[in-house]
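First the structure, in the form of structure tokens, and then the observations on it.
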Amino acid sequence: MSEAQPRTVGLFVTCLADLFRPSVAFSSIALLEQAGCAVEVPQQQTCCGQPGYNTGAFADTRPLAQQVIETFSDYDWVVAPSGSCAGMIKHHYPALFKDLPEWEIRAQELAARTWELTSFLVDVLDYQAGQPTTSPEKTYTYHDGCAGLREMGVKQQPRQLLKSMQGIELMELEQTEVCCGFGGTFCAKMPEISEKMVSDKLDCALATGADVLLGGDLGCLMNISGRARRLGQELEVRHVAEVLAQDLDGPGIGEGEA
Amino acid sequence: MKQDSLQFLNKAHDHMARPELRQHMDRLGVTLPLAREQAIAQLGNFEQLREHVKNIKNHTLENLDYYLTRYEEQVIQRGGKVHWARNADEFNGIVLDICKKHDAQRVGKGKSMVTEETDLTAHLQHHGLEVTETDLGEYIIQLAEEPPSHIVSPAFHKSVNDIRELFLEKHDLGERELADPDSLVQEARQILRAKFLAADVGIIGANALIAEDGRSMLVTNEGNGDLLSTLPKVHIVCATIDKVLPRPEDATALLRLLVRSATAAVMSAYTSFYCGPRGEVDLDGPEEFHVVLLDNRRSDILGSQYEEMLRCMRCGACLNHCPIYIGAGGHAYGWVYPGPMGSVLTPLLTGLEQSHTLPNACTACGRCAEVCPAAIPLPDLLRDLRAEERERGLSPLHWRLGLKLHAWLARLPRLYQVLTGLIVRLLHLCGRRRGALRSLLLSNGWTQVRDFPAPQGKTFKQQWKQRQREQSRE
């Protein structure tokens, strides 16, 4: 972006990054700042409300959504390192307030300013990083999270960034558009079917021969890495933001401190 | 059909415990979506056509009484009769009466999900009629005495070898190889040919009813519908009230989406339009023509938040693309309609009490809605059904309370930060060395099949605050 005054991004950290993997949020901030944004992280944020919303607890979700709408009302953009949280805000908040017009309009306004991280960098900022200085030491594959893919149109953006910023050519996994079996509360309600789905996903990931599986949604990544750990499979699992920002000092998701 | 949708998880378990079946379904779950994708790409204007058909269906549903009345008038004008059935019992009674009136002994049946819904075959058999399914898939599962596992391919769960063994056991035809699919088809054809010729009544389904001219459209790949409409004296078309469309061109627009979505073919092998009894100049055709239209709670769905479900054209694409359907198998759903469309329809047609597990068999991945040729927002409808499940107290209490607690805590950011900070610290300490926990209190569903990745340490918010403090000091 060439404007003199950087526009302000409110980072929607997501509860999973906040609690389990702060490095994803720090990497996101680093990337957004590199791309010329002023980043703020409002402290009032907690959770977008998906767990309740997806089980149909609409009345309990509305106050949470209102809290997010209030908290993020003053930013030019709202960016989340997650397709599913961004999708929740962009598509499901307006639907939640169909019968409350004054909130519906506010939800729509927020929706129009809300982006998934990689899509924001590519589709909004048209971010062009300099040529990568080193060639990648590891090989990578990528899992497309369903909400990112279908609700937020995230497909090429992370691939484009990985290539342009880090010189990474992905080893694509088969059946990449099939769900990994996380599905929020689904994985706990129907563990056996979820197990089959995540095992299939893991098989596809291992079949690529890649060292590292990347993705844009911590829910999927914790699911896949958790299954890999259970089976004793060697597969490093990371959020794409960590690789883009080269924040790779700590272990991958679900891995012990070496 | 006896319903046991609440046994979903147990039946899915049984299905997954059979490795050959699992492999067979997995293969179909890969090849069918690939084939459909190619067929849709060749069509070129899927999105426009889908929008067009959606608009037509919506218009028809908004004026359903008008188009149904018009359809009936046209059928009468062509010498046929339309019967209206509010529920399964009325439906089965009407069909049985028609059979009795003609002293029918033998009934030939084409594939019809409506008749599965009303359990027509069992009803007719109970009253002494011999009923033969003539669609090859339906014939196979009739021999196996199993319900269909898919709405387009009833024997979806049967491998070629399963069918071979079934034919060898059930057909008393002596020693033979039956080594390949072709010889299986030949054998079934030979047996069914005699059934067609002997049938007193032919019963078929419909993919669309055309209001403008009173014709019904049916697609088959075997031509069995045509034999059933021309050879027996009496021809009965079974359909539901949501199948009506205004004009012939609407039915053909639907056809272009339906066949590609169902089997990836450009055109079904047979696409037939049935228009009443034999006329004076006709060389063949039935003496009597009946249409039996079933409501079965569809008029309750009309005008409700689930109305979009009535656009469903029964192509089965949502099944083929659903990893849960592929994983659990069609029989796990415990009634007539499986997969995403079944998880919506079953609660609406039979009641949530009998089926509230089904709307939970969804990760909201959205693949079904993406491929649905009627653009039905299936994940949204399933979520609405989960909301009803919750409101009616059918979902497990610990889930309701747990999520209520979460929603309450998430609205108190300070308390949330303190509490989550403590829990995260604890989890980090427990899982630090391994990086993941093998078991975790209250997380049985998760840790039963996978480790629980441990948090990195402090929460982001704690670290961020610390950083802000340090920066302000500098």
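For this structure, a couple of remarks:
- Chain B: relative contact order in percent, alpha carbon pairs under 8 Å with at least 6 residues between: 20
- Between residue B:83 and B:291, B:292, B:293, the built amide H atoms are under 5 Å apart, and every one of these is 5 or more places off in sequence or on another chain.
- Loop-located GluC sites (Glu not before Pro) in segment A:1-109, at most 14 other Cβ atoms within 10 Å (DSSP): A:3
- Segment residue B:429-residue B:405, length gained on full extension (0.36 nm per residue, minus Cα span): 6.2 nm
- Exposure of residue B:89 as accessible area (Å², to 10), given a probe of 1.4 Å and all protein chains: 130
- If you plug the beta carbon distance of residue A:131 and residue B:419 into 1/(1 + (r/R0)^6) with R0 = 51 Å, you get a FRET efficiency near 0.65.
- Amide H contacts for residue B:208 (H built 1.01 Å from N in the peptide plane; partners 5 or more residues away or on another chain; cut-off under 5 Å): B:217.
- DSSP H segments from chain B that extend 30 Å or more along their own axis, Cα-based, with Kyte-Doolittle mean of -1.0 or above: B:19-43
- As a calculated quantity, the FRET efficiency between residue B:59 and residue A:38 at R0 = 45 Å, using C-beta atoms, amounts to about 0.35.
- Pairwise burial B:A, computed as accessible area of each alone minus the pair, summed, 1.4 Å, Å²: 6000
- Shown here for segment A:88-137: trypsin sites (Lys or Arg not before Pro) in loop regions (DSSP other than H, G, I, E, B) with at most 12 other Cβ atoms within 10 Å, namely A:98.
- Exposure rank, largest accessible area first [B:299, B:159, A:28; 1.4 Å]: B:299, B:159, A:28
- Sum of side-chain charges, residue B:168 neighbourhood, beta-carbon under 12 Å (Lys, Arg +1; Asp, Glu -1): -4
- On full extension, the segment bounded by residue B:169 and residue B:392 gains 75.5 nm, given 0.36 nm per residue less the C-alpha separation.
- Cα-projected label distance for residue B:179 with residue B:273, points at 7 Å along beta-carbon direction, nm: 4.6
- Put B:423, B:151 in order of accessible area, highest first, and with a 1.4 Å probe you get B:423, B:151.
- Cβ-Cβ FRET estimate between residue B:186 and residue B:130, R0 fixed at 30 Å, reported to 0.05: 0.85
- The GluC sites (Glu not before Pro) of segment A:203-258 meeting both criteria, a DSSP state outside H, G, I, E and B (loop) and at most 15 other C-beta atoms within 10 angstrom of the site's C-beta, are A:234, A:257.
- Take every Cα pair under 8 Å whose residues are at least 6 apart in sequence, average their separation, divide by the length of segment A:1-67, and the relative contact order is 33 percent.
- Using heavy atoms of the protein chains and a probe of 1.4 Å, the accessible area assigned to residue A:48 is about 10 Å².
- Percent carbon-and-sulfur accessible area, the protein assembly as shown, ignoring ligands, DNA and RNA, probe 1.4 Å: 49
The values are calculated or read from the model by the stated rules, or taken from the named source; none is laboratory data. Nothing here was measured: the structure is a model prediction, and the numbers come from that model. Don't worry about glycine lacking a Cβ; one is built from the backbone with ideal geometry, like all the others, and counts go over all protein chains shown. Surface accessibility is based on the protein's heavy atoms, side chains included, excluding ligands, DNA and RNA. Shrake-Rupley method; radii C 1.70, N 1.55, O 1.52, S 1.80 Å.
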